[in-house]
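To keep things clear, I will list the structure first and then write my remarks on it.
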Amino acid sequence: MDEQQGVERNVLGGVLESCSTDPMTGYFRDGCCNSGPQDQGSHTVCVVVTREFLDYQQKIGNDLSTPIPQYGFPGLVPGDRWCVVAMRWAQAYQDGVAAPVVLAASHIRALDVIPLTALRRCAVDVPEDARSLE
């Protein structure tokens, strides 16, 4: 958090924008990739999930597709925006299957793990019809 202004910052240095409220995302389930000391995993990268990314995450033991109703988790489908763990995104990036990143909605803390150049390479504007990402 920017102590002087009382706002969270994104990887570009601007005010952190919302990632998604449908489905509701974020470590704090506030729609933003906010982070703090209690967020040990650093859920700081706002992505637009693709089928390839979801399949990869499931393969490495991070199933983001299966709903978990007791935690209010609907399961993700291609086109959903979601705050992912920085290390998991970095691993997918290294393996060539990184999901597109929404820079303005990715928390500055992601830069502790991922170089801005890597995030920029995968930056995307979300299309009006996100089904094209399937």
Quiz prompt | Selection count, region 10-61, where residues are aromatic (Phe, Trp, Tyr), surrounded by fewer than 22 Cβ atoms within 10 Å (Cβ to Cβ) and more than 12 Å from VAL85 (Cβ to Cβ) | solution = 2
Self-check item: Leading residue by the ranking (farthest from the chain's Cα centre (by Cα)) among those in region 81-101 that are touching a residue at least 12 places away in the same chain (Cβ under 8 Å), part of a loop (DSSP other than H, G, I, E, B) and surrounded by fewer than 23 Cβ atoms within 10 Å (Cβ to Cβ)
Solution: ASP95
Quiz prompt | Residues within region 15-47 that are out of contact with any strand residue (DSSP E or B) (no Cβ under 7 Å at 6 or more places or on another chain) and either among the hydrophobic types (A, V, I, L, M, F, W, C) or under 17 Å from ALA123 (Cα atoms) (or both), tallied | solution = 4
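Considering region 108-125 alone, what residues qualify as being among the acidic types (Asp, Glu) and in a helix (DSSP H, G or I)? Spell out the reasoning first.
We begin by selecting, within region 108-125, every residue among the acidic types (Asp, Glu); these are 112, 125.
Matches in region 108-125: ASP112 only.
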Exercise. Keeping to region 62-72, report how many residues are of a type in the set (A, V, I, L, M, F, W, C) and either in contact (Cβ under 8 Å) with a residue 40 or more places away in the chain or loosely packed, with under 12 Cβ neighbours inside 10 Å (or both).
Key: 1
Quiz item: Are any residues in region 19-61 part of a helix (DSSP H, G or I), more than 12 Å from the chain's Cα centre (by Cα) and not polar (S, T, N, Q), and if so, which ones?
Solution: ARG51, GLU52, LEU54, ASP55, TYR56, LYS59
Quiz item: What do you reckon, is VAL49 touching an Asp or Glu at 6+ places or on another chain (Cβ under 6 Å) and under 18 Å from VAL102 (Cβ atoms)?
Solution: yes
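No lab work stands behind these numbers, since they all come straight from the coordinates. Model, not experiment: these values are computed from the prediction. Here Cβ is always computed from backbone atoms with ideal geometry, including for glycine, and neighbour counts include all displayed protein chains.
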